[in-house]
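Q: One structure, pasted below without further comment.
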Amino acid sequence: MNAEEKVFQPSPKLPSAQKKTRTRWFIVFMLFLVTALNYADRATLSIAGTDMSGQLGLDSVMMGYVFSAFAWSYVAGQIPGGWLLDRFGSKKVYFWSITLWSTFTLLQGFLGFFGSAGTAVMVLFGLRFLVGLAEAPSFPANSRIVATWFPSHERGTAAATFNSAQYFATVLFAPIMGYITYKFGWEYVFFFMGALGIIVAFIWLKTIYGPKEHPRINKAELKYIEAGGALINMDQTSTNKEEKKGVNWNHIKQLLSNRMLLGVYLGQYCITTLTYFFLTWFPVYLVQERGMTILEVGFVASLPAICGFFGGILGGTFSDFLLRKGFSLTVARKVPIVVGMILSMSLVAANYVDTEWVVIFVMALAFFGKGFGALGWAVVADTSPKEMSGVSGGLFNTFGNIAGITTPIIIGYIIATTGSFNGALVFVCANALVAILSYLFLVGEIKRVELKS
């Protein structure tokens, strides 16, 4: 068992009186910022979708396919994106990722200039496809940077912090996008988000460095994170001839034959099903099933997201707390995941209530649980082989985001067939249950994978 997989023991005091800097927390703040932007750009269509679908003549099945366009390329780009990270480093690849996805988001604002609705739909599908392809390296990069900058006993908090940005994105941007749609029209949502992303890309380029290159880190912090298991050399650009050849498919085969990782992949698929329900169909649910206006949706959708944000932070903090109290890495990661998924199953109760505030409360509790249990990226940082962390994270995200393809389409067919969202909520709840069973019975001990030559 590696040192970082053992129960955390407080590090001895450094012989130097130098107080360590906290640069690593600025790094995770930047991850939080770009991840919030990442999820806001994914959600633009769900906010603008009601007005857009009316203008373009889209039914629920067609909207399901358009919603899924992002995930098709996002999934396909995970392993290539992970290899790019291992080959060129996180800073450069992430910069181009942000720049490109923001540009493709901005271009969606010009759809109204197409005279033919059919042409507009095809262009929309294509642009959403390109957004997904450009965003593919983002979460593997997040996990890679956390493994580079954070000791194991802080990794749960760090991963939960950047992962909770998906909820903060709704809290911050849903009201803004709802107001822009109401006041100016759906096209301006894409103009605003695209321009903002391009600005953030250049901020990223000027502020992100590896631990050994960052101008604001001191020796005390560098020693602290390295002693705690941070892989401080991992984010340097690869010069190894074997890595230059491309993806090592023998190593990928070893990852795919590992029972622990297969359980983690299945669990992530199910958890991501919940994510894509909230990202795609939830605002439509509030409009069509609960009769809210798009302006109300912008603000109401932010309330459950606030709970998801705090749930995400608390889940990671609680996991690291269990580590510090002497529990194994396996217990510290699994307990929040299982508890969170149990809470997220409460959303099915919305099928049996009519009072608006009760529906919002139920969704808020489910959002909180989903955030509390979303520790998959901490598990990836704990388990990825040191020599191919980018590819490992990409493979994990591939399985998870297949749900981005299946969830919008399945829910679209359920609504078209039944005429309501009741079956859709049951479907999402069932996925939370499968995630629980996967972590309890498939995953086993959580530990770093050692690849064979």
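The values are calculated or read from the model by the stated rules, or taken from the named source; none is laboratory data. Small disclaimer: the values here were computed from a predicted structure and weren't measured. Backbone-built Cβ (ideal geometry, glycine too); neighbour counts: all protein chains shown. We work out accessible area using only protein heavy atoms, side chains counted, and drop any ligands, DNA or RNA first. Shrake-Rupley method; radii C 1.70, N 1.55, O 1.52, S 1.80 Å.
Q: Whether any residue in segment 329-340 is β-branched (Val, Ile, Thr), open to solvent by less than 40 Å² (accessible area, probe 1.4 Å) and either within 27 Å of Ile405 (Cα to Cα) or touching a His at 6+ places or on another chain (Cβ under 6 Å) (or both) is what I want to check.
A: Yes, the conditions are met somewhere in segment 329-340.
Q: Does Tyr74 meet the test of being at pLDDT 90 or above and either assigned to a helix (DSSP H, G or I) or surrounded by fewer than 22 Cβ atoms within 10 Å (Cβ to Cβ) (or both)?
A: Spelling it out, it is not the case that Tyr74 is at pLDDT 90 or above and either assigned to a helix (DSSP H, G or I) or surrounded by fewer than 22 Cβ atoms within 10 Å (Cβ to Cβ) (or both).
Q: Another one. Does segment 346-363 contain at least one residue that is closer than 23 Å to Phe32 by Cα and either at pLDDT 90 or above or of a type in the set (Phe, Trp, Tyr) (or both)?
A: no
Q: Suppose we filter Phe321, Phe299, Phe310, Phe399 for residues that are free of Cβ contacts under 8 Å to residues at least 40 places away in the same chain, in a helix (DSSP H, G or I) and surrounded by fewer than 22 Cβ atoms within 10 Å (Cβ to Cβ); which single one remains?
A: After applying the criteria, what remains is Phe321.
Q: A follow-up question, please. Scanning segment 269-291 for residues that are of a type in the set (Phe, Trp, Tyr) and out of contact with any helix residue (DSSP H, G or I) (no Cβ under 6 Å at 6 or more places or on another chain), which turns out most open to solvent (accessible area, probe 1.4 Å)?
A: It comes out as Phe278.
Q: Shifting gears a bit: Scan segment 428-442 for residues that are part of a helix (DSSP H, G or I), in contact (Cβ under 8 Å) with a residue 60 or more places away in the chain and surrounded by 15 or more Cβ atoms within 10 Å (Cβ to Cβ) and jot them down.
A: Val428, Cys429, Asn431, Ala432, Val434, Ala435, Ile436, Ser438, Tyr439
Q: Quick check on segment 96-125: of everything there that is surrounded by fewer than 19 Cβ atoms within 10 Å (Cβ to Cβ) and modelled with pLDDT of 90 or more, which residue is farthest from Phe32 (Cα to Cα)?
A: Ranking the candidates gives Leu107 first.
Q: Pairs only if they're at least six apart or on different chains, beta carbon under 6 angstrom, first in segment 185-201 and surrounded by fewer than 16 Cβ atoms within 10 Å (Cβ to Cβ), second β-branched (Val, Ile, Thr) and part of a helix (DSSP H, G or I); list them, first residue then second.
A: So the pair list comes out as Tyr188/Ile180.
Q: Quick check on Val391: is it closer than 28 Å to Ala136 by Cα, open to solvent by less than 30 Å² (accessible area, probe 1.4 Å) and either assigned to a helix (DSSP H, G or I) or not small (Gly, Ala, Ser) (or both)?
A: Yes, satisfied.
Q: Across segment 224-243, which residue is most open to solvent (accessible area, probe 1.4 Å) among those that are at pLDDT below 75 and not in a loop (DSSP other than H, G, I, E, B)?
A: Per the criteria, the residue is Lys241.
Q: The conditions are (1) modelled with pLDDT of 85 or more; (2) open to solvent by less than 10 Å² (accessible area, probe 1.4 Å); (3) within 26 Å of His214 (Cβ to Cβ), and Ala159 fails exactly one of them. Which is it?
A: Here Ala159 meets the rest and fails (1).
Q: Would you pick out the residues in segment 80-91 that are among the basic types (Lys, Arg) and either at pLDDT 95 or above or under 17 Å from Leu33 (Cα atoms) (or both)?
A: Lys91
Q: Another question, then. Can you tell me which residue in segment 378-387 is modelled with the lowest pLDDT, limited to those that are open to solvent by less than 10 Å² (accessible area, probe 1.4 Å) and in a helix (DSSP H, G or I)?
A: Going through the qualifying residues, I end up with Ala381.
Q: Next question, about the same structure. Of all residues in segment 35-71, how many are open to solvent by 20 Å² or more (accessible area, probe 1.4 Å), polar (S, T, N, Q) and at pLDDT 70 or above?
A: 0
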